[in-house]
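Participant: This is the structure I have questions about; it appears just below.
The values are calculated or read from the model by the stated rules, or taken from the named source; none is laboratory data. Computed from a prediction, not measured in an experiment: that's the story for all the values here. Methodologically, a virtual Cβ is constructed for each residue, glycine included, from the backbone with ideal geometry; neighbour enumeration extends over all protein chains shown. Just so you know, the surface numbers come from the protein's heavy atoms only, side chains and all, with ligands and any DNA or RNA stripped out. Shrake-Rupley method; radii C 1.70, N 1.55, O 1.52, S 1.80 Å.
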Amino acid sequence: MSTGTRPTRRRLEPAERRAEILAVARRLFGAGSYASVSTSDIAAAAGVARPLINHYFGGKRELYLEVVRQMMIVPAPVVESLPEGPVRRRLEVGIERWIDVVDRNRDAWLTAIGPESAGRDPEIERIMLEADDVAADRVLAGALMTDVTEGREELRAMIRSYGGMLRAASREWLIRGTLNRGELRTFLVESIMGLIEVTYPAVLAERNGARKPPESSPSTV
């Protein structure tokens, strides 16, 4: 794989150098595939010696797994400093930020969720499970539901399932072109609001043999 002219090496702190290598790997894996990108390609594009990649990441597979982890784990800034006010507005802002992240890194995102990553690699499976758990907790924080106790695990399970739908919807946007960005945003917002306001109370009512929303469900959304 051709990577062009080798960039001039710059003196960076270890954390900065590691982040730069990771950014280059994200770009190259996104433009190609795991099989088509070598550590030599990444080293040349990052302007570093190949042994430095092994020093920071251990090898190509470990670097690729870190790229997948970086793309799949919902970044903390997505749910940090959300606006005060209604839950709907907070989730709208969080989803818009997530779409921004995917839009800026669309090739790497599609690589991370593509067939190659889903190829029953146990480490990638573990990353996906971790990503779903982190996403569930951050959605709860965005929805002001971190103190929910009744049916908490059922709620987290539903949010994890929402994450699978979110990945499928992103493919409709980025690959099929059947949803534009605005339509994707509306779909994701209305889906999570329906989950919180309708589906979660209904599941708890079914479990409890009752037909009224639990006290822990948001009433001021």
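Participant: How many residues, within the stretch 184-194, are open to solvent by 30 Å² or more (accessible area, probe 1.4 Å) and closer than 22 Å to residue 108 by Cα?
Facilitator: The total comes to 1.
Participant: Select from the stretch 80-114 the residues that are open to solvent by less than 50 Å² (accessible area, probe 1.4 Å) and within 17 Å of residue 191 (Cβ to Cβ) and list them in ascending order.
Facilitator: The answer is 87, 90, 91, 92, 93, 94, 95, 98, 99, 102.
Participant: Just to be sure I understand, how many residues within the stretch 40-67 are assigned to a loop (DSSP other than H, G, I, E, B) and open to solvent by 30 Å² or more (accessible area, probe 1.4 Å)?
Facilitator: Within the stretch 40-67, residues that are assigned to a loop (DSSP other than H, G, I, E, B) and open to solvent by 30 Å² or more (accessible area, probe 1.4 Å) number 2.
Participant: Are any residues in the stretch 82-141 in a loop (DSSP other than H, G, I, E, B) and either closer than 30 Å to residue 33 by Cβ or among the small types (Gly, Ala, Ser) (or both), and if so, which ones?
Facilitator: Hits for the stretch 82-141 are 85, 105, 114, 115, 116, 117, 118, 119, 120, 121.
Participant: For residue 37, indicate whether it is modelled with pLDDT under 90, under 19 Å from residue 124 (Cα atoms), surrounded by 16 or more Cβ atoms within 10 Å (Cβ to Cβ) and within 26 Å of the chain's Cα centre (by Cα).
Facilitator: Considered against the rule, which asks whether it is modelled with pLDDT under 90, under 19 Å from residue 124 (Cα atoms), surrounded by 16 or more Cβ atoms within 10 Å (Cβ to Cβ) and within 26 Å of the chain's Cα centre (by Cα), residue 37 comes out as no.
Participant: In the list 207, 185, which residue meets the criterion of being basic (Lys, Arg), modelled with pLDDT under 95 and part of a helix (DSSP H, G or I)?
Facilitator: Criteria check complete, one pass: 207.
Participant: If you don't mind, another one. Tell me which of these residue 70 doesn't satisfy, since it passes every other one: (1) at pLDDT 85 or above; (2) open to solvent by 50 Å² or more (accessible area, probe 1.4 Å); (3) of a type in the set (S, T, N, Q); (4) within 30 Å of residue 184 (Cα to Cα).
Facilitator: All conditions pass for residue 70, except number (1).
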